[in-house]
Structures are given as structure tokens and as C-alpha cells.
Amino acid sequence: MSDLPKLSVKLEPSAGHVAVVPDTREEATASGIIIPDTASDKKSSIGTVYAVGQGKDKDGVDATVYSVGDRVVFGQYAGEEIELKDEDGRTVEVKFLSADSIRSKIS
């Protein structure tokens, strides 16, 4: 399980939804310059489940098949992104996804 940030707020997604912290993507140019994910249009489609909504949504989607710490693959444009602060004041991107937007667990 990867190290999840400790957010300054508690997240409780609604039924059938999960909160995922996407992986950060850093790319290096041929000359070795590191380009952080914030400077790229390419967003990560892999992340770690941070919180899980209890119960089923109106369409019967149940997010409880996922657990906090699960590594998952999701659609690049799926869900809604928000930025929150961790306990140290750093910005953390969190994606709220319907459980049916998750394509796979990674083991």
C-alpha cells in the first residue's frame, strides 16, 4: 500500500463513489530536465483509493468492492478533480469517481 497523504479534512464520498489520489507523473526530457505533472496535459489514470462511499447509488453501483489503499486504474477524464490541503499545507489532488468509472484494481 502506498503512503496516502493525511488531508486536513475528512472525506466521506456519497454512496457508490470513491475518492482517489492520482499518482503524480514526472517525465524527464532527453537532457534530464524533470517536467512535473502540473506542467503537462497528461494526467495520471492510476491512483490510490483514499475513501469509499458506503452503500449503492441510485443505479445500484456499489463502491464497497474497493478498500482504502487499493491501487486502481480509471478513465483519464472520469470523475471530478478537487484540490485539498494536507496537514502540512501542501496541495493534494483528489478525484471523486463513480465506482463504475474504475476500470481495474492493480495487484
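Values computed for the structure shown
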item: First in the stretch 48-62 and under 11 Å from Val18 (Cβ atoms), second anywhere and of a type in the set (Lys, Arg) and crowded, with 17+ Cβ neighbours inside 10 Å, Cβ under 8 Å, 6 or more apart; result: none
item: Candidate set: the stretch 3-40, residues that are under 17 Å from Phe74 (Cβ atoms), modelled with pLDDT under 90 and out of contact with any Lys or Arg (no Cβ under 7 Å at 6 or more places or on another chain); chosen: the one surrounded by the fewest Cβ atoms within 10 Å (Cβ to Cβ); result: Thr24
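The values are calculated or read from the model by the stated rules, or taken from the named source; none is laboratory data. Not measured: the values here are computed from a predicted model. Don't worry about glycine lacking a Cβ; one is built from the backbone with ideal geometry, like all the others, and counts go over all protein chains shown.
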